[in-house]
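Engineer: Dropping the structure in here first, questions after.
The values are calculated or read from the model by the stated rules, or taken from the named source; none is laboratory data. This structure is a prediction, so every number in the text was calculated from the model and none was measured. Virtual Cβ from ideal backbone geometry, glycine too; neighbours counted across all protein chains shown. Please note that ligands, DNA and RNA were not included when accessible areas were found on the heavy atoms of the full protein model with its side chains. Shrake-Rupley method; radii C 1.70, N 1.55, O 1.52, S 1.80 Å.
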Amino acid sequence: MLQQRLKKAVTDNPKKVADLIDLVNLPTVLRDFMGQSQSSRLNCFRRVWSYIKENNLQDPVNKNVVNCDQKLKSILLGKSKVDLAELPMLVKLHFPKQPK
Amino acid sequence: MGKIPPAFRRAAAQSPVSALLKANTSAVQEQIPLPISDLQPQKRTSQKKPIRKNGSATTNSTAKTSVPSIVFESPNLSDAKSLFNSLVSSTKNAPSDPSFYNSILQSFSSVSSLQDSIFFLNHMIKKHPPFCPNRFTYHILLTQSCSLPDEQSLSDVHRVLNLMTTSGFPPNQVSTDVAVRTLCGCGREEHAIELVKELSSKNSPPDTYTYNFLVRHLVKNRSISNVNCFIKDMRDFGIKPDLVTYTIMIDNVCNSKNLREAMRLLGVLSEEGYKPDCYVYNTIMKGYCMLNQSGDVLGVYKKMLDEGVEPDRYTYNTLIFGLSKSGRLREAKKFLGVMAEKGYIPDAVTYTSLMNGMCREGDALGALALLDEMEAKGCTANSCTYNTLLLGLCKARLLDKGIELYQVMKKGDIKLETGSYGTFLRALCRKGRVVEAYEVFDYAVESKSLPDVAAYSTLESTLKWLQRAREQGLAV
């Protein structure tokens, strides 16, 4: 089912793909984190994930949870603990839908 | 097994069918030695060799550098002319082999316009009389005139063809072939059809290779009615489709799931008095698999035997694939024995088909055991085998085994397919092993298994689904 939906999303809805890879002017908080003024949602997510891995921010007991440092807190709604499952959603918050 | 996601079907279908397809096309190519694909490399090598020979043969040091290095970068005609003049005057024993000059013309034509190329050719003939252009020389111009993708008419092509006639090389079947292939290569199928018809009416019809090439190209890129129309028109010139043509067409209509047309073609085939050969039967069998009527493959096989056509390994692979797909695993396994009797060793495709069938029945562990058996027999599993197994294990909720298999795949740098990737992610998330899902995502991107966007959107939607399930208290 998921696969079907995904395939549909990619073939029927180029907009969805565009949402992921189009360069967007980043909000100030993200700009500081990313070190660049424009990025795509996909790249932003990958940067956050690699930041977590590089700095060993995952909880040693439950690897599914990230203990945010100051820098990460600033971009993830100020949460001190973030579940990996909600990470994409939190990153997405910085990329509001373009008004038509 | 109840519902089978289409992704699974596709993942499984890929190996046997694509292998079969490859086998079929290559076999067809074996049957018809394509004249041009043979000619061109020959032409090219024969062009290059004299250059090198001359470079080393001439004692003049300037000639040494100038003879082999005549490659044009600017489309300017007068520059090209003066470059050629200096080349001819500086080289004492200029090569008499026309292919040397052909390579010069070829190089110039790749950057310039047709008009300039013709001027340049005339200049070469005038300036250096030992060079007498041959058929290849004009074919270079012909290729150039055909390779302009946006050209609206055939006037340039006609111009070259007329030039050929006046120069003593009236267009022959090779010219037709060169023109048709180039025209098709840049998307000018209508012009190719027009040209073929025109040349046929002028008593130089295409040979079967050109004809079949055009048909194969048309069925891929144009509607089937278009192709039928072309075939019908060509009959007026006395050119009839042969067995290879029908095989190409049946294969294509089956790929686009047009059963009615396939049946009609089969009828026409026998009306025309052709006796289907092994390739046709293989194609029909593959067609049934594509059309989700895998159960009928056995009927085709029986008919094959009745007609006295000897099945080859692709027949058996397709047969086993079709039977596995329709859940008749026992019969499929029986053919493994028949295959061995006939001296065909089961390969990765055969085993993957069987594993696919076992996974469908829910016997993922049995499929896993088959992997060991196949490797014990010295048959290496391919990426399709692993993906089929991974998907089967995840579907059967044997996640631990799936993770083990994934580790093996990772070690062997085996790419994930879209279907197995998605299923694996979901299986991991279902158990709350989100980190591992992230890790699989990293591997999929790193190994370039699937595009970043596809990998990420699968991860995102899987996590979204997990979140929702958690909210409803359905997941951990």
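Engineer: Please verify whether B:LYS257 is of a type in the set (Lys, Arg), within 22 Å of B:THR318 (Cβ to Cβ) and either touching a Leu at 6+ places or on another chain (Cβ under 8 Å) or open to solvent by less than 40 Å² (accessible area, probe 1.4 Å) (or both), treating the condition exactly as stated.
Structural biologist: Against the criterion (of a type in the set (Lys, Arg), within 22 Å of B:THR318 (Cβ to Cβ) and either touching a Leu at 6+ places or on another chain (Cβ under 8 Å) or open to solvent by less than 40 Å² (accessible area, probe 1.4 Å) (or both)), B:LYS257 qualifies.
Engineer: It is to be established whether one or more residues within segment B:409-419 are surrounded by 16 or more Cβ atoms within 10 Å (Cβ to Cβ), part of a helix (DSSP H, G or I) and within 8 Å of chain A (Cβ to nearest Cβ).
Structural biologist: yes
Engineer: Those residues that are within 14 Å of B:ASN317 (Cα to Cα) and surrounded by 18 or more Cβ atoms within 10 Å (Cβ to Cβ), I need them from segment B:260-289; list them, please.
Structural biologist: Correct list: B:TYR279, B:TYR281, B:ASN282, B:THR283, B:ILE284, B:MET285, B:LYS286, B:GLY287, B:TYR288, B:CYS289.
Engineer: Mind listing whichever residues of segment B:346-385 are within 30 Å of the chain's Cα centre (by Cα), open to solvent by 20 Å² or more (accessible area, probe 1.4 Å) and without any contact (Cβ under 8 Å) to a residue 24 or more places away in the chain?
Structural biologist: Result: B:GLU375, B:GLY378.
Engineer: Hey, among the residues in segment B:366-408 that are of a type in the set (Lys, Arg) and in a helix (DSSP H, G or I), which one's nearest to the other protein chains (Cβ to nearest Cβ)?
Structural biologist: Ranking the candidates gives B:LYS395 first.
Engineer: A further question on this structure: Just name the residue that is surrounded by the fewest Cβ atoms within 10 Å (Cβ to Cβ) out of those in segment B:387-400 that are over 15 Å from B:VAL440 (Cα atoms) and not small (Gly, Ala, Ser).
Structural biologist: B:ARG397
Engineer: Residues in segment A:80-95: is at least one open to solvent by 60 Å² or more (accessible area, probe 1.4 Å) and without any contact (Cβ under 8 Å) to a residue 12 or more places away in the chain?
Structural biologist: There is no residue in segment A:80-95 that is open to solvent by 60 Å² or more (accessible area, probe 1.4 Å) and without any contact (Cβ under 8 Å) to a residue 12 or more places away in the chain.
Engineer: Next question. Do we find that A:GLU86 is charged (D, E, K, R), closer than 22 Å to B:GLY432 by Cβ and within 14 Å of chain B (Cβ to nearest Cβ) in this structure?
Structural biologist: yes
Engineer: Here's a follow-up. Can you name every residue in segment B:102-115 that is out of contact with any Ser or Thr (no Cβ under 7 Å at 6 or more places or on another chain) and surrounded by 19 or more Cβ atoms within 10 Å (Cβ to Cβ)?
Structural biologist: B:SER103, B:ILE104, B:GLN106, B:SER112
Engineer: Do we have any residue at all in segment B:205-225 that's surrounded by fewer than 19 Cβ atoms within 10 Å (Cβ to Cβ), of a type in the set (Asp, Glu), touching a residue at least 40 places away in the same chain (Cβ under 8 Å) and more than 19 Å from B:ILE284 (Cβ to Cβ)?
Structural biologist: Yes, segment B:205-225 has at least one match.
Engineer: At pLDDT below 85, within 13 Å of chain B (Cβ to nearest Cβ) and either on the phi > 0 side of the Ramachandran plot or open to solvent by 30 Å² or more (accessible area, probe 1.4 Å) (or both), is that true of A:LYS7?
Structural biologist: yes
Engineer: Oh, and also: Which of the residues belonging to segment B:90-103 are out of contact with any helix residue (DSSP H, G or I) (no Cβ under 9 Å at 6 or more places or on another chain) and assigned to a helix (DSSP H, G or I)?
Structural biologist: Within segment B:90-103, no residue meets the criteria.
Engineer: Go through (1) buried (at least 18 other Cβ atoms within 10 Å of the Cβ); (2) small (Gly, Ala, Ser); (3) part of a helix (DSSP H, G or I); (4) modelled with pLDDT under 85 for B:SER86 and report which single condition fails.
Structural biologist: For B:SER86, the exception is condition (1).
Engineer: For residues in segment B:421-476 being among the β-branched types (Val, Ile, Thr) and within 11 Å of another protein chain (Cβ to nearest Cβ), which is surrounded by the fewest Cβ atoms within 10 Å (Cβ to Cβ)?
Structural biologist: Restricting to residues being among the β-branched types (Val, Ile, Thr) and within 11 Å of another protein chain (Cβ to nearest Cβ), the top hit is B:VAL476.
Engineer: Moving on. May I ask you to list pairs of residues, at least six apart or on different chains, whose Cβ atoms are under 6 Å apart, with the first in segment B:241-264 being touching a residue at least 40 places away in the same chain (Cβ under 8 Å) and of a type in the set (D, E, K, R) and the second being surrounded by 22 or more Cβ atoms within 10 Å (Cβ to Cβ) and part of a helix (DSSP H, G or I)?
Structural biologist: B:ASP251/B:THR283
Engineer: For segment B:219-327, give me every one of the helices (runs of 4 or more DSSP H) that falls completely inside it and has 1 or more residues that are over 26 Å from B:ILE193 (Cβ atoms) and out of contact with any Cys (no Cβ under 6 Å at 6 or more places or on another chain).
Structural biologist: Of the helices (runs of 4 or more DSSP H) lying wholly inside segment B:219-327, those with at least 1 residues that are over 26 Å from B:ILE193 (Cβ atoms) and out of contact with any Cys (no Cβ under 6 Å at 6 or more places or on another chain) span B:259-271, B:278-290, B:297-306, B:313-325.
Engineer: I need a count of the residues in segment B:180-196 that are surrounded by fewer than 19 Cβ atoms within 10 Å (Cβ to Cβ) and under 14 Å from B:VAL227 (Cα atoms).
Structural biologist: Total satisfying the criteria: 2.
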